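Heads up: the structure comes next, in structure tokens.
The values are calculated or read from the model by the stated rules, or taken from the named source; none is laboratory data. These numbers were taken from a predicted model, which means no experiment stands behind them. All Cβ positions, even for glycine, are placed from backbone atoms using ideal geometry, and neighbour counts span all protein chains on display.
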Amino acid sequence: MTEKGKSTDSLMRHIRDAKVGHNIDIGGSRDKKDLLMMGYYHGYKGYRFARNVNNKLPITKFKEITAIYNFDMALKSLFYSPIMKLETAIKNYIIDALVSGDECSYEVIFDKKLNFYKTVNPSDRNYNNLVKKRLELRKKMYTTILFEYGNDNPVIQNFVHKDKPIPLWAVFEVISLGTLGSFLQCLNIRDRKKILQSLGILDPNDTNGELLSKHVWIIKELRNALAHNHIIFDCRFKNSKIPTWIRSHIESQLGITNCTFNTITEYLALSVFYMKSIGMTKVEIKAI
């Protein structure tokens, strides 16, 4: 016999129950509405700890959970619009740098410009990894185009039906930020630096022009958390290891110390760094 689901009233009794390890003061119509608003698993259980389940917060009242939830929702509202703008702007800067006065077909660009692997000797142990990444990227882009075509994306279908090359801008409209990061990793150094120059963030110490791709991977994790309404206040969405030189660069550019990206303020700092580089006004930046 399958277990029956609990009503909200039953969940509230469960939350109050000290025997099961909760022992949280919850009751009344206001708490009930707040629990329904945030949910038991996504909300209550998720906000009882910071970063991982072993780091439980010293919470005794449900109102404390509600306060954390409201803070997290406010953070998401604060970040959502600027991050989406940054994603669009970064893609447009890349497109402008790669297609101006040149071929705009994504396949031509892929073949001519996504050749960073050629900077490594074939005998080098890293050569195969770079080639594999490039092949995986090509597969991912083809898969995305196929998916969009099958789902009646009018832009993709227009070029396919007319037997015309699909331009880079059309592909960039449908790829994820993670795929964009892979695109930049496969791009040749000259064009990487051209993009960094157009953004005004070219650094002479960044000899391989990796700054943007590293930043995109950092922003991607926050962006995905925002898009899927995941908890962000404690940066539990952070999965990747951020290189020391990237953290040091942010510290030197923004005058901060001990940048670990374990706090949401450092994601704010990186967002501001790019908001300035793409020309957003002081009023727009202060709004965040």
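Assorted remarks:
- Index of the failed condition, residue 146 passing every other in (1) part of a helix (DSSP H, G or I); (2) in contact with a strand residue (DSSP E or B) (Cβ under 7 Å, 6 or more places away or on another chain): (2)
- Output for segment 64-106, where each listed residue is small (Gly, Ala, Ser), at pLDDT below 95 and surrounded by 13 or more Cβ atoms within 10 Å (Cβ to Cβ): 81
- Here the condition is being over 19 Å from residue 181 (Cβ atoms), modelled with pLDDT of 95 or more and of a type in the set (Lys, Arg); of 164, 133, it holds for 164 alone.
- Among the candidates 80, 69, 41, residue that is under 24 Å from residue 225 (Cα atoms), assigned to a helix (DSSP H, G or I) and without any contact (Cβ under 8 Å) to a residue 12 or more places away in the chain: 41
One line per residue, one yes/no per condition, for (1) closer than 14 Å to residue 243 by Cβ; (2) not in a helix (DSSP H, G or I):
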residue: 195; (1), (2): no, no
residue: 201; (1), (2): no, yes
residue: 204; (1), (2): no, yes
residue: 209; (1), (2): no, yes
residue: 217; (1), (2): yes, no
residue: 222; (1), (2): no, no
residue: 225; (1), (2): no, no
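- In the set (1) assigned to a helix (DSSP H, G or I); (2) touching a residue at least 60 places away in the same chain (Cβ under 8 Å), the condition left unmet by residue 51 is number (1).
- Reported count of residues in segment 247-275, each being in a loop (DSSP other than H, G, I, E, B) and surrounded by 16 or more Cβ atoms within 10 Å (Cβ to Cβ), is 2.
- Some residue of segment 176-188 being among the aromatic types (Phe, Trp, Tyr), buried (at least 19 other Cβ atoms within 10 Å of the Cβ) and at negative phi: yes
- Considering residues of segment 251-275 that are without any contact (Cβ under 8 Å) to a residue 40 or more places away in the chain and hydroxyl-bearing (Ser, Thr, Tyr) only, the residue nearest to residue 203 (Cα to Cα): 252
- Any hit, segment 228-246, residues being at pLDDT below 95, part of a helix (DSSP H, G or I) and under 17 Å from the mean Cα position of the chain (by Cα): yes
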